[in-house]
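Here the structure is laid out as structure tokens; the discussion comes afterwards.
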Amino acid sequence: MKVTKLTTYRLPPRWMFLKVETDEGITGWGEPVIEGRARTVEAAVHELSEYVIGKDPARINDIWSTLYRGGFYRGGPILMSAIAGIDQALWDIKGKALGVPVYQLLGGLVRDKIKAYSWVGGDRPSDVIAGMKKLTEIGFDTFKLNGCEEMGLIDNSRKIDAAVAVAAQVREAMGNSVEFGLDFHGRVNAPMAKLLIKELEQYRPLFIEEPVLAEQAEYYPRLAAQTAIPIAAGERMFSRYEFKRVLANGGLAIAQPDLSHAGGITECLKIASMAEAYDVALAPHCPLGPIALASCLHVDFVSYNAVLQEQSMGIHYNQGAELLDYVINKDDFKMTDGYFYPLTKPGLGVEINEQLVIERSKNAGDWRNPVWRYPDGAVAEW
């Protein structure tokens with residue numbers, strides 16, 4: 001079998017799908033994208049295609065190594081996201097060719113189900129609580145919400161009080177019937193992170209995500225030393241080499257590689273194993289589409305240390321399409337009591353409505369994250 005063609009489709013809300021075709025009629029799908037930089041990743045995918053077309057898609061490790069090591073300059077969000085989507089599609093082809101789900105090719109199931117959590121949007125505590133109550137009715141009991149708005153390097157007590165009020169009111173309204181993680185989104189610098197974490201500890205959030213940016217990872221062990229709250233990070237780390245340094249320095253309790261950003265299934269399996277060796281849990285980052293989610297699930301179901309799976313149903317970023325809009329076999333992604341179950345179809349186990357993909361790709365807009373500014377006019381982290 002040989003790869004014959006790679007086709008990309010930029011899609012609403014902020015996704016990109018990749019179709020990889022072969023001369024035997026078996027096709028694979030991947031999801032290579034950086035949110036807000038889809039066109040850049042698209043160009044990288046097609047630039048890398050010369051290393052893929054004409055090759056045997058079963059030789060995933062060799063193709064991955066060529067894509068990564070074949071260029072003198074490597075790594076980073078754009079190249080690793082392009083590799084991720086190609087890698088996902090190759091695993092999809094291999095599973096389909098052999099007639100088994102990808103997790104069977106990776107050694108088989110290590111668990112029967114995986115806990116999912118849901119994003120909850122809202123600028124006010126009342127909105128967050130209303131969203132949680134609605135989602136608990138359909139089986140969710142684990143959530144993630146933004147821990148704060150923009151936060152200056154040294155900010156005022158009102159900002160601290162506003163952030164803490166959300167957690168306080170969630171606990172008051174929901175008690176211990178739910179668990180919630182707080183995503184600082186890299187918006188907080190180390191001095192304010194230290195103060196915020198201290199104030200939030202009494203409400204026992206499930207984790208604090210990206211308390212500082214990944215480029216400030218030297219603060220993870222320092223922040224972890226002051227709190228019992230697990231610290232999570234990893235969505236902006238793109239290879240095992242970035243995770244290696246962070247894991248070795250300590251501080252992380254939960255690693256969150258993104259299967260569409262960190263080299264795909266091939267690389268994230270290695271990251272998961274490295275994390276396990278450091279007694280660090282795995283919770284793949286996935287605010288994206290169904291192919292990314294399917295890829296995450298295959299890693300979850302073969303990784304002993306996987307504990308949680310993010311998914312994007314109803315996420316506030318989804319404008320113009322929802323998680324399963326492009327999926328034919330929607331029932332295979334059905335959750336029961338807040339758990340995902342193993343996908344059973346060959347390959348990644350997601351059947352794409354290609355006609356809808358082609359139609360929607362014709363008018364796909366270019367999503368951009370907002371640019372925030374502090375009161376003094378300086379650019380703030382979003």
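Every number here is computed from the coordinates shown, using simple stated rules; none is lab data. If you're wondering where the values come from, they're calculated on a predicted model, not measured in any experiment. No Cβ is skipped: glycine too gets one built from the backbone with ideal geometry, and neighbour counts run over all protein chains shown.
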If the label point sits 7 Å along Cα→Cβ of D337, residues of segment 181-208 with amide N under 18 Å come out as none
If one builds a Gaussian network model of the chain from Cα atoms under 10 Å apart, the most fluctuating residue listed among L343, L182, L105 is L105
In vacuo Debye sum over C-alpha of segment 1-69, base-10 log of normalised intensity I(q)/I(0) at q = 0.13, 0.16, 0.19 Å⁻¹, listed in q order, is -0.37, -0.55, -0.75
Straight-line reach check, K94, cutoff 20 Å on alpha carbons, 8 or more apart in-chain or any other chain, hits among lysines -> K2, K5, K19, K55, K270, K345
What the 10 Å binned alpha carbon P(r) of segment 268-370 shows, as percent of pairs per bin from 0, is 13, 41, 31, 13, 1
Given Cβ charges of +1 for Lys and Arg and -1 for Asp and Glu, the option among G289, N146, I271 whose Cα lies farthest towards the positive end of the dipole of the chain is I271
Segment 51-69 scanned against label point 7 Å out from L98 along Cα→C-beta; backbone N under 12 Å for 58-61
For segment 332-382, the dipole about the Cα centre with charges only on Cβ (Lys and Arg +1, Asp and Glu -1), to the nearest 20 debye, works out at 100
A chain fully extended from I328 to V371 at 0.36 nm per residue, minus the present Cα-Cα distance, gains in nm 11.9 nm
In whole percent, the Cα-Cα distances of segment 153-261 spread across 5 Å bins from 0 upward as 2, 12, 23, 23, 18, 12, 7, 2, 0
Interchain or sequence-distant (5+) residues whose placed amide H lies within less than 5 Å of the amide H of E310 are Y117, C286
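What number results when the radius of gyration of the chain, computed over Cα atoms, is divided by 2.2 N^0.38 Å?
Values: Rg = 20.3 Å, N = 382, 2.2 N^0.38 = 21.1 Å.
Dividing the Cα radius of gyration by 2.2 N^0.38 Å gives 0.96.
Suppose every K and R has +1 on its Cβ and every D and E has -1 on its Cβ; what is the size of the dipole of segment 1-86 about the Cα centre, in Debye to the nearest 20?
On the way: 11 positive and 10 negative charges, 50 e Å.
Charge dipole of segment 1-86: 240 debye, to the nearest 20.
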antiparallel share of DSSP beta bridges within the chain, to nearest 5, in %, is 45
Full extension between Y278 and A43 adds, at 0.36 nm per residue less the Cα distance, a length in nm of 81.0 nm
For segment 52-121, averaging the sequence separation of alpha carbon pairs under 8 Å that lie six or more residues apart and dividing by its residue count, the contact order in percent is 27
